[in-house]
1. Select from segment 13-60 the residues that are more than 14 Å from Leu3 (Cα to Cα), at pLDDT 90 or above and open to solvent by 100 Å² or more (accessible area, probe 1.4 Å) and write down the one among them that is nearest to the chain's Cα centre (by Cα).
2. When the residues of segment 1-12 are filtered to those that are part of a loop (DSSP other than H, G, I, E, B) and modelled with pLDDT under 85, which remaining residue is farthest from Thr57 (Cα to Cα)?
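The values are calculated or read from the model by the stated rules, or taken from the named source; none is laboratory data. The model shown is predicted, which means the values in this text are computed figures rather than measured ones. All accessible areas refer to the heavy atoms of the entire protein, side chains included, with ligands and DNA or RNA removed. Shrake-Rupley method; radii C 1.70, N 1.55, O 1.52, S 1.80 Å.
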Amino acid sequence: MLLTFDRDFGMLTLRPNAPRPAGVLYFRIVPAHPEEPAELLMDLGQHLDRRLEGFLTVLQRGRVRQRPLPRGRNGIARMEWKRR
């Protein structure tokens, strides 16, 4: 599982021979205080009715979004990101 605050993390996982994450948890916030990311993660764990493995999960204050990670030929998650 990859936890990140970085919008461009996907490019790193597309490099040849880079290990593919089982899932990605993207914190789409600027933390109000150092403990806030841990608090959001704890809230997610307490109210989780979704799987994290195989998904890109975007955490925002008061909102959680998910989309499946694309699968490669070998069944491992493969991520492709288009720049806007």
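1. For segment 13-60, the residue satisfying everything is Val30.
2. By that ranking, first place goes to Asp8.
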